[in-house]
Amino acid sequence: MTETLISKKPNGNTVYSIDIPFRLVGGIALLLILPLCVMAQAQAQANENSVEQSILTDFNLRLSGFGTLGVVKNSSDELYFHREFSMKASSSEYSFKTDSLLGLQLNGDVTERLDGVAQVVIKDRASVDALDSIELLFLRYRPSRGWAIRAGRTSTDLYMLSEYRNVSYAYLWSRPIPEFYAITSSVAKIDGLDISYILSLEEGSWETKLAYGITHSSLISQAGLVELDFNHALALTSIYTENDWTMRLAVVSIEVDEIEFLTNELVEGLNLVPDTLWPEAGKLAQSIDGPGKKLAYYALGFQYDHMNWVIQSELGYIDSEWGIFQSLYNGYLSVGYRVDEITYYGVLASIDNAEEPDEYVSPQLPDQLPQELKAGIAALYEGGVAALSVSQFEQTTFSLGLRWDLYPDACIKLQWDHTWIDQGGMAMWTQAQQQVGDAEVDLLSLNINFIFSL
């Protein structure tokens, strides 16, 4: 019984046990080892002779990991690339931090039905909090065949790469498709409880999972660092697998609990403006203010992996009532073809807002107002309009690449991305200066991906 991240290599072989974590390995290991040891000892003392021997035999620890060494060349010196919003954007033409990462995972079996997992990933995060490097930390209990209950920090299982998003060796491309995966990085993990059931069918299996909990994210954007806390996160996932086909549906609902961002002061300032001077100030503040606002996410995906072909696609929709983060559509189609140890692939991906930001008329202030007060209200208006435009997305990317499997536990990937970005939809990039007109950017990536056991 182990937390095996199961995937298919492009050469058709199945890869088991991409076990994962890192960073302060000793400390993280103790977090898992100590409770597991205590539980094992308690169960051993509670049983006699043969039962005691059985438990001691079941107890087992395994340590293994993964990593990526990569470099990315950016053709633009004005648009800085984000792999995901929990990571910093690089301002260099050549970046070794964008894709490079290292992880370890500790798996522990306590009994036949009880096990635990701890996973740590080290990468160029926006957060300086060591706890944010912990991707997984949970105990899992299997009461009967097909059923599993996990408690602790788990993945939200919203998309195809949910369980191995950081394990580049486990998938085809140089990185998870940014247009689809960068947005959901804020809710990639959840602190809470999930329960799943796998129904075995004649030709395949059907897994249903329900999760509930809270989540915290440190994100970096054009406007700076954002600390986000979500509560009442409720996620439902349904996955059907049959021979070479995998189809999945995911739905999640979350509520903004707290936000630490420069908009907090903006909201306070807008709420101080009297309605008699600017009637829309309160409405603008309400749109920008985060706590209590709800977001829903829907994702549909499929994968076909047979012989030389591997085809994968996912479509997503975010329905948001928060003005700073408008509703949007995103998705991609990836097609790969294997020739011996090399897989050639192409990807088309896109993201676009479902609606334009709400428009607010600039305040018409009386002439007799003091000039300083006029300037302050005008600054609040400009700040509010800018805040509503901070998450405007409109871009399309076409990618070509190849993956070369050198060894059973290592591969090399080369990928070229060409992205068309609309002037009003550059939220996935950090801008060195305000862009005028549409933009096009080329990225060239070279990665070495590997997995290992210790």
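The values are calculated or read from the model by the stated rules, or taken from the named source; none is laboratory data. Note that the structure is a prediction, hence the values are computed from the model and not measured. Quick reminder, even Gly has a Cβ in these numbers, built from the backbone with ideal geometry, and neighbours come from all protein chains shown. What goes into the accessible areas is simple: the full protein's heavy atoms, side chains included, and nothing from ligands, DNA or RNA. Shrake-Rupley method; radii C 1.70, N 1.55, O 1.52, S 1.80 Å.
Consider residue 209 carefully, then state whether it is under 20 Å from residue 146 (Cβ atoms), buried (at least 20 other Cβ atoms within 10 Å of the Cβ) and not hydroxyl-bearing (Ser, Thr, Tyr).
Details: under 20 Å from residue 146 (Cβ atoms): yes; buried (at least 20 other Cβ atoms within 10 Å of the Cβ): yes; not hydroxyl-bearing (Ser, Thr, Tyr): yes.
So residue 209 passes the test.
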Selected residue (criterion: nearest to residue 219 (Cα to Cα)) from residues of segment 130-166 that are touching an Asp or Glu at 6+ places or on another chain (Cβ under 8 Å) and hydroxyl-bearing (Ser, Thr, Tyr)
155
Among the listed residues 129, 124, 115, which satisfies the condition of being among the acidic types (Asp, Glu), out of contact with any Cys (no Cβ under 9 Å at 6 or more places or on another chain), more than 21 Å from residue 168 (Cβ to Cβ) and open to solvent by 30 Å² or more (accessible area, probe 1.4 Å)?
129
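Just one of 265, 341, 314 is exposed (fewer than 14 other Cβ atoms within 10 Å of the Cβ) and within 30 Å of the chain's Cα centre (by Cα); which is it? Please lay out each step first, then the result.
Working: 341 fails: exposed (fewer than 14 other Cβ atoms within 10 Å of the Cβ); 314 fails: exposed (fewer than 14 other Cβ atoms within 10 Å of the Cβ).
None of the others qualify; the one that does is 265.
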Kindly indicate whether any position in segment 423-434 is farther than 19 Å from residue 223 by Cα and either free of Cβ contacts under 8 Å to residues at least 60 places away in the same chain or in a helix (DSSP H, G or I) (or both).
no
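Of the residues 361, 335, 347, 310, which single one is part of a loop (DSSP other than H, G, I, E, B) and among the hydrophobic types (A, V, I, L, M, F, W, C)? Walk me through how you get there before you give the answer.
Values: 335 fails: part of a loop (DSSP other than H, G, I, E, B); 347 fails: part of a loop (DSSP other than H, G, I, E, B); 310 fails: part of a loop (DSSP other than H, G, I, E, B).
Exactly one residue qualifies, and that residue is 361.
A quick yes/no check of all residues on (1) assigned to a loop (DSSP other than H, G, I, E, B); (2) under 17 Å from the mean Cα position of the chain (by Cα); (3) under 22 Å from residue 119 (Cβ atoms):
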{"residue": "174", "(1), (2), (3)": "yes, yes, yes"}
{"residue": "179", "(1), (2), (3)": "no, yes, no"}
{"residue": "190", "(1), (2), (3)": "no, yes, yes"}
{"residue": "194", "(1), (2), (3)": "no, no, yes"}
{"residue": "197", "(1), (2), (3)": "no, no, no"}
{"residue": "202", "(1), (2), (3)": "yes, no, no"}
{"residue": "208", "(1), (2), (3)": "no, no, no"}
{"residue": "219", "(1), (2), (3)": "no, yes, yes"}
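Starting from residues that are open to solvent by 20 Å² or more (accessible area, probe 1.4 Å) and modelled with pLDDT of 90 or more, keep the ones in segment 384-399 and report whichever is farthest from residue 320 (Cα to Cα).
Going through segment 384-399, the residues open to solvent by 20 Å² or more (accessible area, probe 1.4 Å) turn out to be 385-386, 389-390, 394, 396, 398.
Then drop every residue that is not modelled with pLDDT of 90 or more, which leaves 394, 396, 398.
On the way: 394: 17, 396: 22, 398: 27 Å.
If we take residues in segment 384-399 being open to solvent by 20 Å² or more (accessible area, probe 1.4 Å) and modelled with pLDDT of 90 or more, then 398 is farthest from residue 320 (Cα to Cα).
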Flagged pairs (Cβ under 9 angstrom, 6 or more apart or on separate chains; first in segment 107-118, among the basic types (Lys, Arg); second surrounded by fewer than 18 Cβ atoms within 10 Å (Cβ to Cβ)) are 113/1; 113/141; 113/142; 113/143; 113/144
